[in-house]
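Heads up: the structure comes next, in structure tokens.
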Amino acid sequence: IDGSSTNIVLTTAGETARLTFTATAGQNLGLGLSSLTLAPATSTYATVYVYKPDGVYLTYVPCYVSNTGCSLNLANLPATGTYSVVVTPLSGGTGSFTATLSSDVAATLTAGAAYSLNLSRVGQNGRLTFGGTAGTSTGIEIAGFVTAPAGKTAAVTIYKPDGTSLASTSASTSVSGGFVNLVNLPTTGTYTVFIDPADVATA
């Protein structure tokens, strides 16, 4: 977690990659697979499976060559221990990719003060919190939004203190960001702004 990226090469048809990492219950992580190449041409994607320390399936995502990779959000991990990531190319394909595992960038927002967020690792997310009072209104502006590669977007979701979704939008480089208007907050407590760049973009 937050260390060097790992380069994987699959040279034998039908071969899979199995990567492991140790995490603590409650951690929020982002897994990015970049520079994905597969052969033959019919092997258009690889499926990425994540298993909990007890071996039980947790989540998965298809990872497309056309996007040069993918990202997977591992929020509020359920247990402490060693997790497994299994990458299986379609149709027994061979190829290579780079895996990067990162902690979410966490910070506290203050009304009227800008915070500069830098998501510099593939698959990394932003998790920003602010205190809200029931019945008040708040605006969240995302400005100066740029991505690498250029022209990508980021999903922005605001979660209520109980962890359920309140509102969402998409940040776009075409308008240098986005805006969410939160009218009449439903409860008093700590709200979370989750920023998730698309595909293998950094932002």
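The values are calculated or read from the model by the stated rules, or taken from the named source; none is laboratory data. Because the structure is a prediction, the values reported are computed rather than measured. Because the Cβ atoms are built from the backbone with ideal geometry, glycine has one as well, and the counts that use them run over all protein chains shown. Each accessible area value is taken on the protein alone, full model and side chains, heavy atoms only, with ligands, DNA and RNA left out. Shrake-Rupley method; radii C 1.70, N 1.55, O 1.52, S 1.80 Å.
Descriptive notes on the structure:
- Note on segment 95-203: with charges restricted to the Cβ of Lys and Arg (+1) and Asp and Glu (-1), its dipole about the Cα centre is near 60 debye.
- Shape class of segment 119-165 from the Cα gyration tensor (axes a ≥ b ≥ c, square roots of the eigenvalues): prolate, since a/c reaches 1.5 or more and a/b is larger than b/c.
- Rounded to 0.05, the FRET efficiency of the ALA167 and ASP2 pair, given R0 = 35 Å and the Cβ-Cβ distance, is 0.75.
- Measuring nothing but how far apart in sequence close Cα pairs (under 8 Å, 6+ apart) lie, relative to its length, segment 75-192 scores a relative contact order of 25 percent.
- Residue among TYR51, PHE97, VAL146 farthest towards the positive dipole end of segment 23-168, charges placed on Cβ: PHE97
- ARG121, ARG18, reordered so the largest accessible area comes first (probe 1.4 Å): ARG18, ARG121
- Here the gap between SER35 and ASN118, fully extended at 0.36 nm per residue and compared with their Cα-Cα distance, gives a gain of 27.8 nm.
- Formal net charge of residues neighbouring SER71 (Cβ-Cβ distance under 14 Å; K, R +1; D, E -1): -1
- Counting 0.36 nm for each residue step from VAL56 to VAL146 and taking away their Cα separation leaves a gain of 28.6 nm.
- Length-normalised contact order for the chain - Cα pairs under 8 Å, 6+ apart - percent: 24
- Structure-derived Rg/Rh (Cα atoms, Kirkwood Rh) - corresponding label in [x] 1.16; [y] 1.01; [z] 0.96: [y]
- Computed over segment 151-203: relative contact order in percent, which uses C-alpha pairs under 8 Å that are six or more apart: 45
- Applying Stokes-Einstein at 20 °C and 1.002 mPa s to the Kirkwood radius of segment 1-116, computed over alpha-carbon pairs, gives a translational diffusion coefficient of 141 µm² s⁻¹.
- Sorting TYR49, TYR60, TYR115 by accessible area puts them as TYR60, TYR115, TYR49; the probe is 1.4 Å, largest comes first, and only protein heavy atoms count.
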